[in-house]
Amino acid sequence: MSEEHRGIWVFAEVIDGAIAGVSLELLGAGRELADKLDVPLAGVLLGENITHLSEQLIPYGADEVYIIDDPVLKDYRTEPFLAGMGKLARMYVPEIILYGATPNGKDIASAIATDLKTGLTADCTMLGVDIENRLLEASRPAFGGNIMATILCKKHRPQMATVRPKVMKALQPDPARKGMVLKEKLEMKEAEIRTKVLEIIKGPGKSVDLEGADVIVCGGKGMGDEQAFQLIHQLADTIGASVGGTRDAVEARWISHDHQVGQTGETVTPKIYFAIGVSGAIQHTVGMKNSELIIAINKDPDAPIFDVATYGIVGDARETVPVMIKAFEELLR
Ligand code: FAD
């Protein structure tokens, strides 16, 4: 570890020719850390014909963009991306590197950690910084999700973390922001790379699009039984929302796993999230707490879900939800 390590980097992942949403979210989180540490924030862009994308990174908070634009980086492969990131990291010695916890983000982050002999905290849901000791505080659920662990990398640099999509917030883009673009070369030949991409075949899309939903009605074990859980579907149908479920509702087989919200399900950020008969366990709230507006219905006034809710209704969901359905039907008629 040396004193010369300075600056925060975000690996700017390119998916289908555009910057991945999680990379923009990480620029938002990185901006806050960079301001606290008083260092520049950089986006790192690797790919083919991607130089123009630097124009997206600066408005979202980057002070600098490091680019390697090379045909061998056309599709993601570990070897050339590792060579490119490794080269840049050795040349410019950043203090912290953040990656989206996407399949490619996880792959490159673990390869870089091995290459640079440094630590990596995977799948974080919170980031902070100890300013005095210049330590990244990377938090993630641990021990079966029962506690939040904050992990430090005290002896090696760069400090690195992968962060789940949708848990951080992107900044409002500022088109007037100015930044510096630095281009480097890779000098790696196609013949040196052992992996060839012959074809990319897209898998079937998800049957449930919770991630993109504006309104989600989520039902928990407090609905009591499968029949009462139908009220969740009815409310969602009435207001044109998607249906979510807690893990306990999924385990009770009231709803399928692709509707599960939380640590082992989807992370969602709708405009409105109804949490009905949901206790608010941390493994659930990590997946929905960034929703714009949260309305919770629970018969227990001390249920933890009320700690993250914007509005709370203390009452029996089996009585409250039919009243809501009727009211919305009349309102929307
Ligand atoms: P409960 O905890 O049983 O809560 C039911 C709530 O309903 C209570 O607050 C109760 O007061 C209320 N209630 C009861 N009757 C009524 C009524 N008639 N009207 C109104 N309210 C009522 N959970 C997830 O959701 N998503 C995950 O991804 C997830 N991943 C996990 C990963 C791990 C490793 C572990 C260990 C756990 C995970 N869990 C997850 C489980 C999580 O810890 C909780 O057990 C789960 O979220 C609880 O579900 P629930 O709120 O539906 O049920």
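The values are calculated or read from the model by the stated rules, or taken from the named source; none is laboratory data. Model, not experiment: these values are computed from the prediction. All Cβ positions, glycine included, derive from the backbone under ideal geometry; neighbour counts span all protein chains shown.
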Q: Could you tell me whether any residue of region 71-93 is in a loop (DSSP other than H, G, I, E, B) and under 25 Å from ILE131 (Cα atoms)?
A: yes
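State whether one or more residues within region 202-218 are on the phi < 0 side of the Ramachandran plot, over 28 Å from the mean Cα position of the chain (by Cα) and either surrounded by fewer than 21 Cβ atoms within 10 Å (Cβ to Cβ) or not aliphatic (A, V, I, L, M) (or both).
Residues of region 202-218 that are on the phi < 0 side of the Ramachandran plot, as a first pass: 202-218.
If we keep only those that are over 28 Å from the mean Cα position of the chain (by Cα) too, we end up with none.
The answer is no, given that none of the residues of region 202-218 is on the phi < 0 side of the Ramachandran plot, over 28 Å from the mean Cα position of the chain (by Cα) and either surrounded by fewer than 21 Cβ atoms within 10 Å (Cβ to Cβ) or not aliphatic (A, V, I, L, M) (or both).
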Q: Could you tell me which numbered condition ILE282 fails, if it satisfies all but one of (1) buried (at least 23 other Cβ atoms within 10 Å of the Cβ); (2) closer than 19 Å to MET126 by Cα?
A: (1)
Q) Mind checking which residues of region 15-48 are buried (at least 16 other Cβ atoms within 10 Å of the Cβ) and among the basic types (Lys, Arg)? A) ARG31
Q: Taking the residues in region 308-329 that are modelled with pLDDT of 95 or more and of a type in the set (Asp, Glu) as candidates, determine which candidate is surrounded by the most Cβ atoms within 10 Å (Cβ to Cβ).
A: ASP316
Q.
Looking at region 183-202, can you tell me whether even one residue there is assigned to a strand (DSSP E or B) and of a type outside the set (D, E, K, R)?
A. no
Q: Return the only residue of SER139, SER110 being under 19 Å from LEU88 (Cβ atoms) and either in contact (Cβ under 8 Å) with a residue 60 or more places away in the chain or not in a loop (DSSP other than H, G, I, E, B) (or both).
A: SER110
Q: Report yes if ALA228 is touching a Lys or Arg at 6+ places or on another chain (Cβ under 9 Å) and touching a residue at least 12 places away in the same chain (Cβ under 8 Å), otherwise no.
A: yes
Q) Cβ-Cβ below 6 Å, separation at least six or inter-chain, first residue in region 295-307 and modelled with pLDDT of 95 or more, second aromatic (Phe, Trp, Tyr) and buried (at least 22 other Cβ atoms within 10 Å of the Cβ): which pairs? A) ILE295/PHE274
Q | Odd one out for PRO80 among (1) at pLDDT 95 or above; (2) within 23 Å of the chain's Cα centre (by Cα); (3) farther than 15 Å from VAL181 by Cα | A | (2)
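Here's the yes/no breakdown for (1) more than 23 Å from PRO304 (Cα to Cα); (2) among the β-branched types (Val, Ile, Thr); (3) within 14 Å of the ligand (Cβ to nearest atom):
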{"position": "VAL217", "(1), (2), (3)": "no, yes, yes"}
{"position": "MET223", "(1), (2), (3)": "no, no, yes"}
{"position": "GLN227", "(1), (2), (3)": "yes, no, yes"}
{"position": "GLY244", "(1), (2), (3)": "no, no, yes"}
{"position": "ALA252", "(1), (2), (3)": "no, no, yes"}
Q. So which residues in region 268-287 are out of contact with any Pro (no Cβ under 6 Å at 6 or more places or on another chain) and near the ligand (Cβ under 9 Å from one of its atoms), if there are any at all?
A. ALA275, ILE276, GLY277, VAL278, SER279, ALA281, ILE282, GLN283, HIS284, THR285, VAL286, GLY287
